[in-house]
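Heads up: the structure comes next, in structure tokens.
The values are calculated or read from the model by the stated rules, or taken from the named source; none is laboratory data. As the structure is a computational prediction, the values presented were derived from the model and not from experiment. Counting neighbours? That spans all protein chains shown, and the Cβs are built from the backbone with ideal geometry, glycine included.
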Protein chains: 2
Amino acid sequence: MSPYDPSAFPPFAVTVDLVVLTVRRHSLCALAVRRGEAPFQGRWALPGGFVRADEDLAMAAARELEEETGLCAHDPGTPAPAPGNGAHLEQLATYGDPKRDPRMRVVSVAHLALAPDLPAPKAGGDAHSARWAPVETFLEPEDEETGALAFDHAQILADGVERARSKIEYSSLATAFCPTEFTVGELRRVYEAVWGVALDPRNFHRKVTGTPGFLVPTGGTTTRQGGRPAQLFRAGGATLLNPPMLRPEV
Amino acid sequence: MSPYDPSAFPPFAVTVDLVVLTVRRHSLCALAVRRGEAPFQGRWALPGGFVRADEDLAMAAARELEEETGLCAHDPGTPAPAPGNGAHLEQLATYGDPKRDPRMRVVSVAHLALAPDLPAPKAGGDAHSARWAPVETFLEPEDEETGALAFDHAQILADGVERARSKIEYSSLATAFCPTEFTVGELRRVYEAVWGVALDPRNFHRKVTGTPGFLVPTGGTTTRQGGRPAQLFRAGGATLLNPPMLRPEV
DNA sequence: GATCATAGTCGTCTGCCTGACGATAAACAC
DNA sequence: GTGTTTATCGTCAGGCAGACGACTATGATC
């Protein structure tokens, strides 16, 4: 058989699913929407939807992200085009188990989005409601009310969280969780929330301010955390952290 | 519109494409097949094919890999089930530009395979011939005879090479390029070929033998490289290298 | 068989980075 | 003012990497 005979290929649906992460109240939170229809009706799921016929995968992910959160995605590498409401968006992995959707063959291209803390989420079209919750809520569903995520979304979320946890080690990705201007302490609390550990403020300060191009001071200061006023920084041009930030053992 | 209405989704074809890498004669080589039909007839391309209706993505990639090379893929994390002809296989990324295939909407889930040096490749079903060539041959197509890869395969190959280059820094992945038993020098030549740099033999030896669980001596020695006989090792259980192997600055 | 070339292996030294932690500074609450 | 909180600077010891010397064990060559 010719592998490109248009009449011979099996029919697939292609969707994008989003792992949208943010840091709220010192914990790493993910966005979930409640499913309004079968299967898994009433269960929580990752936001997502079909890729349209004329749409790139990244475009589809950015569109879904905007529909669900109002965030404007920007490609990694380029500085945020719309300061304040931009989000980091990157492809995560693709999930295509034949049985992952009971109705039909669906291949889902999962994307990972990282955003600063946001106002209350707005529900998307196919969801009765949406909410932020700590990732453990979905990954260790002890909570009777929440339950496990629909489809294979728990696996997708776990993969997205793991990607975020490892990528902030060697890149400036953690700044995607911060507003345009932020203090060293705020950035440290991002690392602490994502990794679930406590970091030494003095060593962290030395590391991030000593890495050329990582942080650029804006000149301003803030006292919004209480205590002594802290310098404000913006993310510098450096995207790779070399040597990396070391994640403490366990 | 309901995002899961089966009558509403646009038709997609889903393929897997393979970036198969090996180290031959001190250089990093990729497998390419010559296209036997339009479009890009006669041009070199990455091996690949359609995902079947009842097939997982990883299964499809493993099947294509076996068809093209005879290699038996094994999941990362588990030791090679078939010593000598096993290959590391992992998902790379998914490419879905609407115009990437001029005939129809094709989403390709690219996979990365790493294999020890192999005998001459055998041609797959849809290819007139297949060959190994240094990755630069395809990425910097100065060679008139070879030309650029078909479709977006140059980008896929570049992404696969970059994945391999970065992943051997912090994992034991480089052993996937080696036969079951290998010497420290052979492993070092893998790093040198993949990174295109020269490494200090003494510091490299100290690093790999000093990392617990990375290498386990088999007791044997070999002299196949000439010079003093070298100890033979197998890959140990450790899959992560902490601290990582440092890639020298360009 | 002596010499040479090649590769492998063990050590040494120096500089950089990290982790642990003391000390000081600048705000706010009372 | 005193206490609390957070930010920032400094010091010190240990670990690791880069540079490189030294020695070992083989095959090739004369």
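For residues that are over 17 Å from the mean Cα position of the chain (by Cα) and at pLDDT 95 or above, tally how many sit in segment A:106-145.
Of the residues in that region, 2 qualify.
Matching residues to (1) within 11 Å of DNA strand C (Cβ to nearest atom); (2) under 21 Å from the mean Cα position of the chain (by Cα):
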residue: B:Ser172; (1), (2): no, yes
residue: B:Ala176; (1), (2): no, yes
residue: B:Val197; (1), (2): no, yes
residue: B:Arg202; (1), (2): yes, no
residue: B:His205; (1), (2): yes, no
residue: B:Val208; (1), (2): yes, no
residue: B:Pro212; (1), (2): no, no
residue: B:Ala235; (1), (2): no, yes
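Looking at A:Gly185, A:Gly219, A:Gly227, can you tell me which residue is away from chain B (no Cβ under 14 Å), part of a loop (DSSP other than H, G, I, E, B) and not aromatic (Phe, Trp, Tyr)? I'd like the intermediate steps shown before the answer.
Details: A:Gly185 fails: part of a loop (DSSP other than H, G, I, E, B); A:Gly219 fails: part of a loop (DSSP other than H, G, I, E, B).
None of the other options fit; the residue is A:Gly227.
Test B:Ile156 against the stated conditions and say whether it is touching a residue at least 12 places away in the same chain (Cβ under 8 Å), within 14 Å of another protein chain (Cβ to nearest Cβ), part of a helix (DSSP H, G or I) and more than 9 Å from DNA strand C (Cβ to nearest atom).
Details: touching a residue at least 12 places away in the same chain (Cβ under 8 Å): yes; within 14 Å of another protein chain (Cβ to nearest Cβ): yes; part of a helix (DSSP H, G or I): yes; more than 9 Å from DNA strand C (Cβ to nearest atom): yes.
Yes; evaluated as a whole, the condition is true for this residue.
Select from segment A:43-78 the residues that are among the small types (Gly, Ala, Ser), more than 13 Å from the chain's Cα centre (by Cα) and modelled with pLDDT under 90 and list them in ascending order.
Hits for segment A:43-78 are A:Gly70, A:Gly77.
Taking the condition at pLDDT below 95, under 30 Å from A:Pro47 (Cα atoms) and not small (Gly, Ala, Ser), does B:Pro39 pass? Lay out the reasoning, then the answer.
On the way: at pLDDT below 95: yes; under 30 Å from A:Pro47 (Cα atoms): no; not small (Gly, Ala, Ser): yes.
No: the conditions fail for B:Pro39.
Among the residues of segment B:200-236, which ones are crowded, with 16+ Cβ neighbours inside 10 Å and within 7 Å of DNA strand D (Cβ to nearest atom)?
B:Lys207
Do we have B:Arg188 as within 30 Å of B:Arg35 (Cβ to Cβ) and within 16 Å of DNA strand D (Cβ to nearest atom) here? Before you say what the answer is, go through the steps one by one.
On the way: within 30 Å of B:Arg35 (Cβ to Cβ): no; within 16 Å of DNA strand D (Cβ to nearest atom): yes.
No: the conditions fail for B:Arg188.
In this structure, is B:Glu162 part of a loop (DSSP other than H, G, I, E, B), closer than 30 Å to B:Arg34 by Cα and free of Cβ contacts under 8 Å to residues at least 12 places away in the same chain? Walk me through how you get there before you give the answer.
Values: part of a loop (DSSP other than H, G, I, E, B): no; closer than 30 Å to B:Arg34 by Cα: yes; free of Cβ contacts under 8 Å to residues at least 12 places away in the same chain: yes.
Taking the combined requirement at face value, the residue does not satisfy it.
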